[in-house]
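What follows is one structure encoded as structure tokens, with my remarks underneath.
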Amino acid sequence: MTNLGVYEEKIKDFSWEISERELGYKQGDNINIGEYCTDRICRMGKKDKLALIWEGHGGDIKKYTFDDMRMLTNSIARFFKELGLKGGDRICLFMDKIPELYFGFLGILKMGGIAQPLFSAFGSESLLTRLEDAGTRAVMTQKRHLPKVRNIVKDLPGLEFIIVVDDDASKPLREKEISFSMENIEKIDQFDIFPSKAETPSVLHYTSGTTGKPKGAQHVHYSLISQYITAKYVLDLKDDDIYWCTADPGWVTGTSYGIIGPWANGITQCVLDSGFKAESWYKFAEKHKVTVWYSAPTAIRALMKEGIDVVKKHDLSSLRHLCSVGEPLNAEAVIWSEEAFGRPFHDTYWQTETGSIVISNYPDMKVKPGSMGKPFPGIEATVVDLNTHLPIERTGTVGLIALKPGWPAMFRTYWNNEEIYKSKFKNGWYICGDRASIDEDGYYWFVGRDDDVINTGGHLVGPFEIESALLEHEAVAESAVVGKPDPVNMEVVKAFIALKPGFTASKDMNLNIMNFVRKRLSPLAMPQEIEFVDSLPKTRSGKIMRRVLRAKEWGEEIGDTSTLENDEG
Ligand code: WT7
């Protein structure tokens, strides 16, 4: 028996109150995600149940019960409070997937702070943009990432505390830097949890758009109501599950379903803090007897490349439910997973902004390989016309995915950017910015993004941020950045660059520019390919037309180029 049961039945009588009731929440009550994921689970008799099984890249293993997690998150919360941090302060987590990242996140929420997780592979410039925008007061980081913070601290007068979680006193710390050790800290039994209400800000996740700087999608504690019930119904999490979410909490999957959803359900999670390698992933799943696995198409395609033989060398019989998110999951990947693991990957669709799964394939529902499935009960979805933004009545017609606002986990604004937030709503619908069609059975089929944002391995990177970084390179006169098809990552970054007079294209120049971007932004944002050109296609008003360059990469029709200035091809 699955948690959701029969989808058609569930949608008839579903309301978010079901989730509120299960969580013992009533309108007007205090609601604190940190409390719900730790103290409440302990009160339900699961004190000694494992909350986290963590494995580092060296193979070392650490285990924590829900009671360990409850007390350690108290300790972290008190530590922040004693520094003088208070409710509403933005506290950034800039760490690898170590236990301190997970417990730091919940500790911040417990003292009322706004958790701002950032991907640890970000370079100084990516970090600076996001810390500056958020007005972040404290950063929790590791020694290995400290130099990147040191690079920018002079540009961030509002950044008061840099907390180093693994300082071994081998080198002296500098001003603002504070050493913190979770292993040596006193475990606190009692902590006065911040009395957050439904609309109290909780998490700030930065996401990239086509234009301008990355935007901070701001979430509130009430998001728990969606995250709890979707984790239960879509991931089908049950008391004896061992759940593995491969996503990094620098991205929303790693917080909504790598922290909040599963722990609010009192589920044991395991985390592997190392890069991708098929063999070690299978070993990990086998060793910890993983039952439910949430991953991404890029990882699945990378596993496919290694072949079925590697799968068969491991006993993966514990796996009972597989889900995927982040990019289109090709039909072949679904079919392959049936062959490899005896069960299909279930595609799920959502965004940083939606905070929780909104369209999905459910355990009891027939999977149509290649389709994203159907709206989650309680989510009203449709596709709207590309121009009028009115719902499209005819099945099979491509439009924009649109959602009726009001589900609990929906973002409440973009930090400091109410204007762009408002622009996402049309005719009373929240417009996701993706194109799709709906078939006669109500299944959604993803077509593509409606903007220039590049999706590389499930991670969105904004062309504007990369083009801005490129302009800082001494040799670059102008550039345009687009996604180029890639068999594993779906898209990789490709840059078209016109050099300044006096600079010539060469292999060295190529490498030099690539490294320049990698160091400043991140390995994800680094162009995998650079094409040097004399000039870039522009509109008559001088705007670079990425669309033309992108269409060429994808072998598509270029479409209307009547506004092109230099449209020779
Ligand atoms: C964008 C959101 C929330 C999970 C991580 C990504 C794309 C997401 C799917 C899917 C096709 C998908 C969309 C979406 N996307 N899931 N199942 N099939 N595309 O969060 O970084 O905010 O990215 O990822 O383009 O808008 P994100």
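Over all alpha-carbon pairs in the range 469-527, figure out the percentage whose distance exceeds 15 Å. Don't skip to the end; give the middle numbers.
Values: 843 of 1711 pairs.
Roughly 49 percent, rounded to a whole number.
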Among trypsin sites (Lys or Arg not before Pro) in the range 364-431, those in a DSSP loop whose Cβ has at most 12 other Cβ atoms within 10 Å are Lys366, Arg394
Going residue by residue through the range 224-237, the Karplus relation 6.51 cos²θ - 1.76 cosθ + 1.60 with θ = phi - 60° gives ³J(HN,Hα) values, rounded to whole Hz and with x marking Gly or Pro, of 3, 4, 6, 5, 4, 6, 6, 4, 6, 7, 8, 7, 6, 5
Non-local residues with an amide H under 5 Å from the amide H of Ala51, with H modelled 1.01 Å from N and Pro and chain starts lacking one, are Tyr64, Thr65, Phe66
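Note the per residue figure in Å³ for the convex hull of the C-alpha positions in the range 433-569. The partial results should precede the final answer.
Numbers: hull volume 18.2 nm³, N = 137.
Looking at the range 433-569, the number lands at 133 Å³ per residue.
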Heads up, the range 193-290 by the C-alpha gyration tensor (a ≥ b ≥ c square roots of eigenvalues; a/c under 1.5 rounded, else a/b over b/c prolate, else oblate) looks oblate
HN-Hα couplings for the range 328-343 via Karplus (6.51, -1.76, 1.60; θ = phi - 60°), in whole Hz with x for Gly/Pro, come out as x, 9, 5, 3, 4, 5, 5, 5, 4, 5, 5, 6, 6, 10, x, 7
Expressed in angstrom and rounded, the centroid-to-centroid distance over alpha carbons for the range 462-509 and the range 45-66 is 43 Å
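Using only the Cα atoms of the chain, construct the convex hull and provide its projected area averaged over every direction, in square nanometres to one decimal.
On the way: hull surface 106.9 nm².
Average projection, Cα convex hull of the chain: 26.7 nm².
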In terms of the alpha carbon gyration tensor, root eigenvalues a ≥ b ≥ c, rounded if a/c is under 1.5 and otherwise prolate when a/b exceeds b/c or oblate, the range 96-236 is oblate
Between the alpha carbon centres of the range 179-205 and the range 240-296 the gap in Å comes to 23 Å
Eigenvalues of the alpha-carbon gyration tensor of the range 1-146, times 5 and square-rooted, give semi-axes in Å, largest first, of 30, 20, 18
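Using just the helices of the chain, give the 222 nm mean residue ellipticity in deg cm²/dmol: DSSP H runs with n ≥ 4 each add -39,500 (n - 2.57), and the total is spread over all residues, rounded to 500.
Details: 18 runs with 157 residues, N = 569.
That comes out to -7500 deg cm²/dmol.
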For the chain, the percent of accessible surface on carbon and sulfur atoms (probe 1.4 angstrom, ligands and nucleic acids excluded) is 50 percent
Computed D for the range 365-499, Stokes-Einstein, Kirkwood radius over alpha-carbon pairs, 10 °C, 1.306 mPa s, to the nearest µm² per second, is 92 µm²/s
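Counting only heavy atoms of protein chains, what accessible area per residue, in Å², does the range 454-554 have with a probe of 1.4 Å? Spell out each step's value before the answer.
On the way: 4620 Å² over 101 residues.
The answer is 46 Å² per residue.
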Regression test value, accessible area per residue of the range 1-43, probe 1.4 Å, units Å², expected 54 Å²
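For the pairs Lys500/Lys552; Lys46/Lys232; Lys86/Lys154; Lys197/Lys289; Lys422/Lys500; Lys10/Lys97, flag any whose C-alpha to C-alpha distance is greater than 28 Å. Intermediate values should be presented prior to the final figure.
Working: Lys500/Lys552 24 Å; Lys46/Lys232 17 Å; Lys86/Lys154 23 Å; Lys197/Lys289 38 Å; Lys422/Lys500 39 Å; Lys10/Lys97 36 Å.
From the list (Lys500/Lys552; Lys46/Lys232; Lys86/Lys154; Lys197/Lys289; Lys422/Lys500; Lys10/Lys97), the Cα-Cα distance tops 28 Å for Lys197/Lys289; Lys422/Lys500; Lys10/Lys97.
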Distribution output for the range 69-123: share of Cα-Cα pairs per 10 Å bin in percent, first bin at 0, values 28, 54, 18, 0
Interchain or sequence-distant (5+) residues whose placed amide H lies within less than 5 Å of the amide H of Glu177 are Ile162
If each part is reduced to its alpha-carbon centroid, the range 89-120 and the range 346-415 end up apart, in Å, by 29 Å
Residues meeting the amide H criterion for Lys538 (H placed from the backbone, H to H distance under 5 Å, 5 or more places apart or on another chain) are Met545, Glu565, Asn566
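Just to check, using Stokes-Einstein with a Kirkwood Rh over alpha carbon pairs, what's the diffusion coefficient of the range 298-403 at 20 °C and 1.002 mPa s in µm²/s?
Values: Rh = 15.4 Å.
Result for D is 139 µm²/s.
The values are calculated or read from the model by the stated rules, or taken from the named source; none is laboratory data. Being a predicted model, the structure only gives us computed values, none of them experimental. So basically every Cβ, Gly included, is an ideal-geometry build from the backbone, and we count neighbours across all protein chains shown. Note: areas computed on protein heavy atoms with side chains; ligands, DNA, RNA excluded. Shrake-Rupley method; radii C 1.70, N 1.55, O 1.52, S 1.80 Å.
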